[in-house]
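Values in this text are rule-based calculations from the coordinates and carry no lab data. These figures come from a predicted structure and were not determined experimentally. FYI the Cβ positions are ideal-geometry reconstructions off the backbone, even for glycines, and counts take in every protein chain you see.
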Amino acid sequence: MKKTILLSVFAVGALTINAQTTVVEGGGFWDNWSMGIQGGATMKTQKSGFFKSARPAFGLTIGKQWTPILGTDIQGMGYVNTTNSNTMIDATDVSLIGRMNLMNLFGSYEGMPRPFEIETVTGLGWLHHYAPGSDDTNDLSARVGLNFNFNLGDDAAWTFGIKPAMVFNLTGDYPTRKLGFNRKHANVEILMGFTYHFADADGNRHFQLVNAVDPMAVAAMNEEINDLRAVVAAKDVELVGLADELLLVQNQLNEARSKQAMANGDTINLVESVVAFRFNQSDVESSQMPSIEHVAKYLKDNPNVNVTVNGYASPEGTEEYNLKLSQRRADAVKKILVDKYGIAASRINTIGHGVGDIFSEPAWNRVGICTIDETN
């Protein structure tokens, strides 16, 4: 029993190793995807035309969060034409954007997005200007900005964002086409929108915190557990041997009693058979069936006698549990007498006594003892 308890302690210890450190889970390719829609206004940076140049902007975003800190988006933007031209959208911008979560960078990720978070935004894109005829132009764009995110719901499935940014036309105007950041070739964007976070196969929409495992510590613990399992297995073999020994002694005792009764010319007024059980078990093993058959034969030969099956347990466990276990053992013997040998249930009384002290070895008290009582 002590070995079994020690084995359990080691097993629990192996599990509690995980509580020492935590890691983030959910970085698979199909995890942490999102889709967003946004709209707002874009304005030129020249002071004289800042508000006068404002015009609607709208876009779609497909995003992937690679870590709690870093994410990327593919964003497509359209800019509404406010001139007299018949072109409804006079420019589009398709960008690859990198995002950095400042809250998780300077703080720790808590297993769920915070209600409010700030992200930095940087990216490069393809800026296409539409013009009547064949005068369309293609330029390289750059985007620098911030995302002010408000995460909504218990599982933060939705995010409402306010997204100010500076968008540069890096290639400038004709005819110079000089690559660089120039305030004269830039716009200020102020967008607002919603982002929906898709759930993964496990129903999670964001990274999960899980317990880290030290492989070397777990390997050592597993080795200890395997050694203890071998000890427990050896004890089980020893227990089987003791049960067989107990059965042999019990059969010899019954035989001696019968011979003594016959030698004295007496009738047998008391017959006892012992059925041994394994630790914490109430199933009757095949090695114990001769004891039950001995009782069944006597009951069939003597229809006017009854039997009392007294169940006992060894001292391990609580008093309440051992009382129930001893009763189950007595009931198991009765069930075999009724089902296998056809003895009337009314002739069999069962009593669970809890912990027994019949034998000096505690393990030997895991028994059911059948006592024949003369009724006439």
Environment charge of residue 282, counting only residues whose C-beta is closer than 15 Å and scoring Lys/Arg +1, Asp/Glu -1: +3
Starting from 0.36 nm per residue, how many nanometres of slack lie between residue 184 and residue 137 once their C-alpha separation is accounted for? 15.2 nm
Can you check what the net charge comes to around residue 55, using other residues whose Cβ is under 12 Å from the Cβ of residue 55 (Lys, Arg +1; Asp, Glu -1)? 0
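Which pairs, out of 52/184; 44/64; 52/163; 163/184; 297/335, put more than 26 Å between their alpha-carbon atoms?
From 52/184; 44/64; 52/163; 163/184; 297/335, over 26 Å: 44/64.
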Taking the simple approach of a point 7 Å from Cα along Cα-to-Cβ for both residue 106 and residue 196, what is their distance in nm? 3.4 nm
Pop a pseudo-label 7 angstrom from the Cα along the beta-carbon direction at both residue 235 and residue 339 and give the gap in nm to one decimal. 3.0 nm
In nanometres, what is the gap between the two model label sites at residue 84 and residue 62, each 7 Å from Cα along Cα-to-Cβ? 4.1 nm
10 Å-binned pair-distance histogram of segment 22-211 (Cα, whole percent): 9, 34, 30, 17, 8, 1, 0
Would you tally the net charge around residue 312, using a Cβ to Cβ cut-off of less than 11 Å, leaving residue 312 out, and scoring K and R as +1, D and E as -1? +1
